[in-house]
1. Among the residues of region 284-319, how many are modelled with pLDDT of 95 or more, open to solvent by 30 Å² or more (accessible area, probe 1.4 Å) and assigned to a strand (DSSP E or B)?
2. Kindly indicate the residue of region 320-369 that is of a type in the set (A, V, I, L, M) and outside any strand (DSSP E or B) and also nearest to S31 (Cα to Cα) among those meeting that condition.
3. Only residues that are aliphatic (A, V, I, L, M) and either in contact with a Gly (Cβ under 6 Å, 6 or more places away or on another chain) or buried (at least 24 other Cβ atoms within 10 Å of the Cβ) (or both): list them for region 39-55, please.
4. Between a first residue in region 47-60 that is small (G, A, S) and a second residue that is assigned to a loop (DSSP other than H, G, I, E, B) and crowded, with 19+ Cβ neighbours inside 10 Å, which pairs have beta carbons less than 9 Å apart while being 6 or more apart in sequence or on different chains?
5. If a residue has to be in contact with a Ser or Thr (Cβ under 7 Å, 6 or more places away or on another chain) and closer than 28 Å to R351 by Cβ to count, how many in region 112-146 make the cut?
6. I want to confirm something. Restricting to region 20-33 and keeping residues that are open to solvent by 10 Å² or more (accessible area, probe 1.4 Å) and in contact with a Ser or Thr (Cβ under 9 Å, 6 or more places away or on another chain), which single residue is farthest from F366 (Cα to Cα)?
Amino acid sequence: MGITKKSFGVTKAGEQATLYTMENAAGMKVSVSDFGAVIVDIIVPDRNKNFVDVNLGYDNVSGYEGNAPGYGSFLGRVANRIAGAKFSVNGKTYEVAKNDGENCLHSGTKSYNKYMYEVKTSEMEGSMSVEFSRLSPHMEQGFPGNLDLSVTYTLTDNNELVIEYGAVSDEDTVLNLTNHAYFNLKGEGSGTVLGHKVWIGADKITETDAGLIPTGSFLDVTGTPMDFRTMKTIGQDIGADYEPLKQGFGYDHNYVLNRQDYARSVELEDVTEPTDEFLCLQRVAELYEEESGRVMEVFTDMPGMQFYSANHIDGVEKGKGGKIYHSRDAICFETQFFPNTVNIPSFPGGRLAAGEEFTSVTIYKFSVR
(Lines give C-alpha, C1' and ligand atoms only; values in the text may rest on other atoms or scores of the structure.)
Protein backbone atom coordinates (compact mmCIF):
# COMPACT_ATOMS: atom_id res chain seq x y z
CA MET A 1 0.00 0.00 0.00
CA GLY A 2 1.01 3.61 -0.52
CA ILE A 3 2.95 5.46 -3.21
CA THR A 4 6.32 4.35 -4.56
CA LYS A 5 8.43 5.90 -7.27
CA LYS A 6 11.19 4.81 -9.64
CA SER A 7 13.02 6.01 -12.71
CA PHE A 8 11.01 5.89 -15.92
CA GLY A 9 13.96 6.74 -18.17
CA VAL A 10 15.47 9.89 -19.66
CA THR A 11 13.87 11.95 -22.40
CA LYS A 12 15.65 13.00 -25.58
CA ALA A 13 16.04 16.42 -23.98
CA GLY A 14 17.89 14.87 -21.04
CA GLU A 15 15.02 15.15 -18.54
CA GLN A 16 14.72 12.43 -15.92
CA ALA A 17 11.22 10.97 -15.91
CA THR A 18 9.74 9.30 -12.86
CA LEU A 19 7.03 6.66 -12.49
CA TYR A 20 4.75 6.97 -9.45
CA THR A 21 2.80 3.86 -8.44
CA MET A 22 -0.19 3.97 -6.10
CA GLU A 23 -1.38 0.71 -4.51
CA ASN A 24 -4.56 0.51 -2.46
CA ALA A 25 -5.67 -1.88 0.27
CA ALA A 26 -7.37 -4.13 -2.29
CA GLY A 27 -4.18 -4.58 -4.31
CA MET A 28 -5.22 -2.38 -7.24
CA LYS A 29 -2.31 -0.35 -8.68
CA VAL A 30 -2.19 2.78 -10.81
CA SER A 31 1.09 4.11 -12.21
CA VAL A 32 1.48 7.63 -13.60
CA SER A 33 4.46 9.62 -14.86
CA ASP A 34 5.60 13.22 -14.58
CA PHE A 35 6.37 13.09 -18.29
CA GLY A 36 3.07 14.05 -19.88
CA ALA A 37 1.07 13.36 -16.70
CA VAL A 38 0.22 10.10 -18.44
CA ILE A 39 -1.53 7.07 -16.96
CA VAL A 40 0.88 4.19 -17.53
CA ASP A 41 -0.60 1.18 -15.69
CA ILE A 42 -4.01 0.28 -14.27
CA ILE A 43 -3.77 -3.13 -12.61
CA VAL A 44 -7.06 -4.60 -11.38
CA PRO A 45 -8.37 -8.05 -10.36
CA ASP A 46 -10.82 -10.32 -12.14
CA ARG A 47 -13.52 -12.29 -10.32
CA ASN A 48 -10.87 -14.86 -9.32
CA LYS A 49 -8.53 -12.18 -7.97
CA ASN A 50 -6.11 -12.47 -10.88
CA PHE A 51 -4.53 -9.07 -11.49
CA VAL A 52 -3.72 -7.71 -14.96
CA ASP A 53 -2.94 -4.32 -16.48
CA VAL A 54 -6.00 -3.11 -18.42
CA ASN A 55 -4.39 0.05 -19.87
CA LEU A 56 -2.47 0.04 -23.17
CA GLY A 57 0.88 1.85 -23.20
CA TYR A 58 4.66 1.60 -23.13
CA ASP A 59 7.40 0.34 -20.81
CA ASN A 60 9.35 3.59 -20.49
CA VAL A 61 9.37 7.28 -21.27
CA SER A 62 10.82 6.87 -24.76
CA GLY A 63 7.59 5.23 -25.91
CA TYR A 64 5.52 8.12 -24.57
CA GLU A 65 7.71 10.67 -26.37
CA GLY A 66 6.22 9.28 -29.59
CA ASN A 67 2.84 7.87 -28.58
CA ALA A 68 0.89 8.67 -31.73
CA PRO A 69 -2.27 6.92 -30.42
CA GLY A 70 -2.15 8.95 -27.20
CA TYR A 71 -2.11 6.02 -24.77
CA GLY A 72 -2.99 7.14 -21.25
CA SER A 73 -2.62 10.76 -22.27
CA PHE A 74 -3.59 14.00 -20.57
CA LEU A 75 -4.71 16.17 -23.49
CA GLY A 76 -5.12 19.94 -23.85
CA ARG A 77 -5.23 22.90 -24.06
CA VAL A 78 -8.13 21.88 -26.30
CA ALA A 79 -8.71 18.17 -26.64
CA ASN A 80 -10.46 16.71 -29.69
CA ARG A 81 -11.01 18.69 -32.90
CA ILE A 82 -10.98 22.36 -33.83
CA ALA A 83 -12.45 23.05 -37.27
CA GLY A 84 -10.06 24.74 -39.65
CA ALA A 85 -7.48 24.85 -36.85
CA LYS A 86 -8.65 28.30 -35.84
CA PHE A 87 -11.01 30.03 -33.42
CA SER A 88 -11.76 33.50 -32.08
CA VAL A 89 -11.57 35.02 -28.60
CA ASN A 90 -12.91 38.54 -28.05
CA GLY A 91 -12.99 39.12 -31.79
CA LYS A 92 -9.39 38.10 -32.38
CA THR A 93 -8.68 35.00 -34.51
CA TYR A 94 -6.07 32.52 -33.41
CA GLU A 95 -4.57 29.80 -35.60
CA VAL A 96 -3.25 26.50 -34.26
CA ALA A 97 -1.51 23.49 -35.79
CA LYS A 98 -3.18 21.56 -38.59
CA ASN A 99 -2.45 17.93 -37.73
CA ASP A 100 -5.73 16.31 -38.81
CA GLY A 101 -6.14 17.35 -42.41
CA GLU A 102 -7.18 21.02 -42.29
CA ASN A 103 -8.21 20.68 -38.66
CA CYS A 104 -6.45 20.59 -35.30
CA LEU A 105 -6.65 17.44 -33.15
CA HIS A 106 -5.73 17.51 -29.44
CA SER A 107 -3.95 20.86 -29.87
CA GLY A 108 -1.37 19.62 -32.38
CA THR A 109 1.51 17.17 -32.25
CA LYS A 110 2.66 18.44 -28.84
CA SER A 111 -0.35 18.17 -26.61
CA TYR A 112 -0.13 18.28 -22.81
CA ASN A 113 1.05 14.65 -22.84
CA LYS A 114 4.51 15.76 -24.06
CA TYR A 115 5.55 18.17 -21.27
CA MET A 116 7.25 17.62 -17.90
CA TYR A 117 5.22 18.37 -14.77
CA GLU A 118 5.86 19.35 -11.18
CA VAL A 119 4.70 16.72 -8.71
CA LYS A 120 3.01 16.56 -5.32
CA THR A 121 2.01 13.31 -3.63
CA SER A 122 -0.29 12.77 -0.68
CA GLU A 123 -1.64 9.82 1.27
CA MET A 124 -4.69 9.79 3.49
CA GLU A 125 -6.98 7.20 5.00
CA GLY A 126 -8.71 5.35 2.18
CA SER A 127 -6.96 7.07 -0.73
CA MET A 128 -3.72 8.44 -2.15
CA SER A 129 -3.00 11.04 -4.83
CA VAL A 130 -0.39 12.24 -7.30
CA GLU A 131 -0.84 15.81 -8.54
CA PHE A 132 0.88 17.08 -11.68
CA SER A 133 1.01 20.81 -12.43
CA ARG A 134 2.68 23.31 -14.75
CA LEU A 135 2.25 26.73 -16.35
CA SER A 136 1.20 26.64 -19.98
CA PRO A 137 2.50 30.02 -21.17
CA HIS A 138 0.67 32.52 -23.34
CA MET A 139 0.58 31.37 -26.99
CA GLU A 140 1.91 27.89 -26.23
CA GLN A 141 0.39 25.71 -29.01
CA GLY A 142 -1.13 28.97 -30.30
CA PHE A 143 -3.58 29.54 -27.41
CA PRO A 144 -3.92 32.86 -25.56
CA GLY A 145 -3.36 33.30 -21.84
CA ASN A 146 -0.92 32.03 -19.24
CA LEU A 147 -2.71 28.95 -17.94
CA ASP A 148 -1.92 27.44 -14.54
CA LEU A 149 -3.11 23.87 -14.78
CA SER A 150 -3.13 20.67 -12.80
CA VAL A 151 -4.33 17.10 -13.09
CA THR A 152 -4.58 14.95 -9.97
CA TYR A 153 -4.88 11.18 -10.00
CA THR A 154 -6.38 9.63 -6.86
CA LEU A 155 -6.70 5.91 -6.14
CA THR A 156 -9.26 4.99 -3.49
CA ASP A 157 -9.69 1.79 -1.52
CA ASN A 158 -12.96 1.31 -3.45
CA ASN A 159 -10.95 0.71 -6.65
CA GLU A 160 -11.79 4.14 -8.07
CA LEU A 161 -9.35 6.06 -10.21
CA VAL A 162 -10.38 9.69 -9.76
CA ILE A 163 -9.10 12.31 -12.22
CA GLU A 164 -9.44 15.95 -11.12
CA TYR A 165 -8.62 18.76 -13.55
CA GLY A 166 -7.94 22.35 -12.52
CA ALA A 167 -7.01 25.46 -14.48
CA VAL A 168 -7.00 29.26 -14.31
CA SER A 169 -5.87 31.74 -16.98
CA ASP A 170 -4.80 35.38 -16.80
CA GLU A 171 -6.60 36.08 -20.10
CA ASP A 172 -9.82 34.94 -21.71
CA THR A 173 -9.02 31.67 -23.46
CA VAL A 174 -10.40 28.32 -24.63
CA LEU A 175 -10.10 25.03 -22.75
CA ASN A 176 -11.10 21.39 -23.09
CA LEU A 177 -9.17 18.81 -21.03
CA THR A 178 -9.50 15.02 -21.14
CA ASN A 179 -7.65 11.74 -20.69
CA HIS A 180 -7.15 9.31 -23.56
CA ALA A 181 -6.64 6.01 -21.71
CA TYR A 182 -7.16 2.89 -23.85
CA PHE A 183 -8.95 0.14 -21.90
CA ASN A 184 -9.06 -3.62 -22.45
CA LEU A 185 -10.58 -5.41 -19.47
CA LYS A 186 -9.10 -8.76 -20.51
CA GLY A 187 -5.68 -7.12 -20.22
CA GLU A 188 -3.55 -4.93 -22.48
CA GLY A 189 -2.21 -6.94 -25.38
CA SER A 190 -4.94 -9.61 -25.09
CA GLY A 191 -6.58 -8.83 -28.43
CA THR A 192 -9.84 -7.35 -29.59
CA VAL A 193 -12.41 -5.63 -27.35
CA LEU A 194 -15.30 -6.25 -29.75
CA GLY A 195 -16.73 -8.78 -27.28
CA HIS A 196 -16.76 -6.26 -24.41
CA LYS A 197 -20.22 -5.00 -23.50
CA VAL A 198 -20.98 -1.28 -23.17
CA TRP A 199 -23.75 0.88 -21.76
CA ILE A 200 -23.78 4.64 -22.43
CA GLY A 201 -26.38 6.98 -20.96
CA ALA A 202 -26.95 9.18 -24.00
CA ASP A 203 -29.91 9.74 -26.32
CA LYS A 204 -27.87 11.70 -28.86
CA ILE A 205 -24.49 12.14 -30.48
CA THR A 206 -23.10 15.27 -32.08
CA GLU A 207 -23.62 15.17 -35.84
CA THR A 208 -20.35 15.54 -37.78
CA ASP A 209 -19.13 16.05 -41.29
CA ALA A 210 -16.78 13.60 -43.02
CA GLY A 211 -13.83 15.05 -41.08
CA LEU A 212 -15.58 14.32 -37.76
CA ILE A 213 -16.17 18.03 -37.17
CA PRO A 214 -19.51 18.68 -35.41
CA THR A 215 -22.05 20.59 -37.44
CA GLY A 216 -23.78 22.04 -34.38
CA SER A 217 -26.71 19.62 -34.68
CA PHE A 218 -27.43 16.35 -32.89
CA LEU A 219 -28.45 12.88 -34.05
CA ASP A 220 -30.92 10.75 -32.08
CA VAL A 221 -29.39 7.31 -31.47
CA THR A 222 -32.76 5.55 -31.39
CA GLY A 223 -32.86 2.72 -33.92
CA THR A 224 -29.23 3.23 -34.95
CA PRO A 225 -25.94 1.39 -34.30
CA MET A 226 -24.96 4.28 -32.00
CA ASP A 227 -27.52 3.32 -29.34
CA PHE A 228 -25.87 1.86 -26.22
CA ARG A 229 -28.70 2.71 -23.80
CA THR A 230 -29.26 -1.05 -23.55
CA MET A 231 -25.94 -2.82 -22.95
CA LYS A 232 -24.55 -4.59 -26.00
CA THR A 233 -21.19 -5.74 -27.35
CA ILE A 234 -18.99 -3.21 -29.12
CA GLY A 235 -18.83 -5.52 -32.11
CA GLN A 236 -22.57 -6.03 -32.52
CA ASP A 237 -23.14 -3.03 -34.80
CA ILE A 238 -19.68 -1.62 -35.49
CA GLY A 239 -19.72 -2.86 -39.09
CA ALA A 240 -23.21 -1.60 -39.88
CA ASP A 241 -23.96 0.33 -43.06
CA TYR A 242 -24.39 3.66 -41.27
CA GLU A 243 -22.79 6.91 -42.37
CA PRO A 244 -21.41 8.08 -38.99
CA LEU A 245 -19.68 4.70 -38.55
CA LYS A 246 -18.19 5.01 -42.02
CA GLN A 247 -16.95 8.51 -41.21
CA GLY A 248 -15.23 7.32 -38.03
CA PHE A 249 -14.05 3.92 -39.38
CA GLY A 250 -15.94 2.54 -36.38
CA TYR A 251 -16.91 4.30 -33.18
CA ASP A 252 -15.24 7.70 -32.80
CA HIS A 253 -18.10 9.89 -31.72
CA ASN A 254 -19.07 12.38 -29.04
CA TYR A 255 -22.03 11.25 -26.96
CA VAL A 256 -24.28 13.95 -25.53
CA LEU A 257 -24.66 12.59 -22.02
CA ASN A 258 -28.10 12.33 -20.42
CA ARG A 259 -26.84 13.69 -17.18
CA GLN A 260 -30.25 14.27 -15.63
CA ASP A 261 -31.88 11.08 -16.84
CA TYR A 262 -29.08 8.81 -15.71
CA ALA A 263 -28.15 10.46 -12.40
CA ARG A 264 -26.59 8.23 -9.81
CA SER A 265 -25.09 9.38 -6.55
CA VAL A 266 -21.41 8.85 -5.80
CA GLU A 267 -20.22 8.25 -2.26
CA LEU A 268 -18.13 11.39 -2.16
CA GLU A 269 -16.65 10.67 1.24
CA ASP A 270 -14.93 7.68 -0.36
CA VAL A 271 -13.46 9.80 -3.14
CA THR A 272 -12.32 13.07 -1.61
CA GLU A 273 -13.49 15.80 0.72
CA PRO A 274 -16.96 16.80 -0.56
CA THR A 275 -17.06 20.19 -2.28
CA ASP A 276 -19.48 21.87 -4.66
CA GLU A 277 -17.46 20.76 -7.68
CA PHE A 278 -18.29 17.11 -7.06
CA LEU A 279 -22.04 17.42 -6.62
CA CYS A 280 -22.74 16.97 -10.36
CA LEU A 281 -20.92 13.67 -10.75
CA GLN A 282 -23.12 11.12 -12.46
CA ARG A 283 -22.74 7.63 -13.84
CA VAL A 284 -22.61 7.89 -17.64
CA ALA A 285 -21.11 4.64 -18.96
CA GLU A 286 -20.19 1.07 -18.12
CA LEU A 287 -17.78 -1.41 -19.70
CA TYR A 288 -18.06 -5.16 -18.95
CA GLU A 289 -15.91 -8.11 -19.98
CA GLU A 290 -17.77 -11.35 -19.33
CA GLU A 291 -14.89 -13.85 -19.24
CA SER A 292 -12.92 -12.03 -16.54
CA GLY A 293 -15.96 -10.48 -14.88
CA ARG A 294 -14.25 -7.07 -14.80
CA VAL A 295 -16.47 -4.01 -14.81
CA MET A 296 -15.51 -0.36 -15.30
CA GLU A 297 -18.03 2.39 -14.59
CA VAL A 298 -17.53 5.98 -15.72
CA PHE A 299 -18.69 8.96 -13.66
CA THR A 300 -18.22 12.56 -14.74
CA ASP A 301 -19.46 16.13 -14.45
CA MET A 302 -18.76 16.85 -18.13
CA PRO A 303 -21.50 17.11 -20.80
CA GLY A 304 -19.88 14.90 -23.43
CA MET A 305 -17.82 11.77 -23.90
CA GLN A 306 -15.88 10.62 -26.96
CA PHE A 307 -16.42 6.88 -27.42
CA TYR A 308 -13.51 5.61 -29.53
CA SER A 309 -12.91 2.01 -30.61
CA ALA A 310 -9.17 2.45 -31.29
CA ASN A 311 -9.73 2.19 -35.03
CA HIS A 312 -6.38 3.71 -36.00
CA ILE A 313 -3.86 1.64 -34.02
CA ASP A 314 -1.45 0.58 -36.75
CA GLY A 315 -0.58 -2.98 -35.64
CA VAL A 316 3.13 -2.24 -36.08
CA GLU A 317 4.43 -0.33 -33.09
CA LYS A 318 5.45 -2.26 -29.96
CA GLY A 319 3.72 -1.56 -26.68
CA LYS A 320 4.33 -2.94 -23.20
CA GLY A 321 6.50 -6.04 -23.09
CA GLY A 322 7.02 -5.86 -26.85
CA LYS A 323 3.36 -6.62 -27.54
CA ILE A 324 1.90 -5.43 -30.83
CA TYR A 325 -1.43 -3.66 -30.43
CA HIS A 326 -3.96 -3.75 -33.25
CA SER A 327 -7.01 -1.80 -34.36
CA ARG A 328 -9.91 -2.26 -31.91
CA ASP A 329 -7.74 -3.83 -29.22
CA ALA A 330 -9.04 -1.20 -26.77
CA ILE A 331 -11.81 1.27 -26.11
CA CYS A 332 -11.65 4.90 -24.93
CA PHE A 333 -14.12 6.91 -22.86
CA GLU A 334 -12.91 10.53 -23.13
CA THR A 335 -15.06 12.81 -20.98
CA GLN A 336 -15.06 16.32 -22.40
CA PHE A 337 -16.80 19.38 -23.73
CA PHE A 338 -18.10 18.68 -27.23
CA PRO A 339 -15.56 18.71 -30.10
CA ASN A 340 -15.20 22.11 -31.79
CA THR A 341 -17.09 23.76 -28.93
CA VAL A 342 -14.71 26.72 -29.36
CA ASN A 343 -16.39 27.50 -32.69
CA ILE A 344 -20.02 26.61 -31.89
CA PRO A 345 -21.57 29.08 -29.40
CA SER A 346 -24.61 26.85 -28.79
CA PHE A 347 -22.38 24.10 -27.36
CA PRO A 348 -21.73 24.23 -23.59
CA GLY A 349 -18.40 25.19 -22.06
CA GLY A 350 -15.04 25.28 -23.78
CA ARG A 351 -14.29 28.91 -22.92
CA LEU A 352 -12.54 30.20 -19.81
CA ALA A 353 -12.69 33.81 -18.68
CA ALA A 354 -9.66 35.50 -17.16
CA GLY A 355 -9.40 34.62 -13.48
CA GLU A 356 -12.16 32.00 -13.66
CA GLU A 357 -11.29 28.71 -11.96
CA PHE A 358 -12.04 25.62 -14.03
CA THR A 359 -12.52 22.30 -12.25
CA SER A 360 -13.77 18.95 -13.51
CA VAL A 361 -13.80 15.38 -12.25
CA THR A 362 -13.99 11.98 -13.93
CA ILE A 363 -13.96 8.64 -12.14
CA TYR A 364 -13.21 5.20 -13.54
CA LYS A 365 -14.52 2.71 -10.97
CA PHE A 366 -13.48 -0.95 -11.24
CA SER A 367 -15.29 -3.97 -9.83
CA VAL A 368 -16.22 -7.54 -10.79
CA ARG A 369 -19.46 -9.29 -11.60
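The values are calculated or read from the model by the stated rules, or taken from the named source; none is laboratory data. Because the structure is predicted, anything quoted here is derived from the model rather than measured. When we count neighbours, we look across all protein chains shown, and the Cβ atoms used for this are built from the backbone with ideal geometry, even at glycine. Accessible surface areas use protein heavy atoms only, side chains included; no ligands, DNA or RNA. Shrake-Rupley method; radii C 1.70, N 1.55, O 1.52, S 1.80 Å.
1. Final tally of qualifying residues: 0.
2. First, the residues of region 320-369 that are of a type in the set (A, V, I, L, M): 324, 330-331, 342, 344, 352-354, 361, 363, 368.
Of the ones still in play, those that are also outside any strand (DSSP E or B) are 330, 342, 344, 353-354.
Numbers: A330: 19, V342: 32, I344: 37, A353: 33, A354: 34 Å.
Ranking the candidates gives A330 first.
3. Within region 39-55, the subset aliphatic (A, V, I, L, M) is 39-40, 42-44, 52, 54.
I39, V40, I42, V44, V52, V54, listed by residue number.
4. Hits for this filter: G57/V38; G57/N67; G57/Y71; G57/G72; G57/A181; G57/Y182; G57/E188; G57/G319.
5. Residues that pass the stated criteria total 11.
6. Step one: of region 20-33, the residues open to solvent by 10 Å² or more (accessible area, probe 1.4 Å) are 20-21, 23, 25-27, 29.
Those left that are additionally in contact with a Ser or Thr (Cβ under 9 Å, 6 or more places away or on another chain): 20-21, 23, 29.
Numbers: Y20: 20, T21: 17, E23: 14, K29: 11 Å.
Selected residue: Y20.
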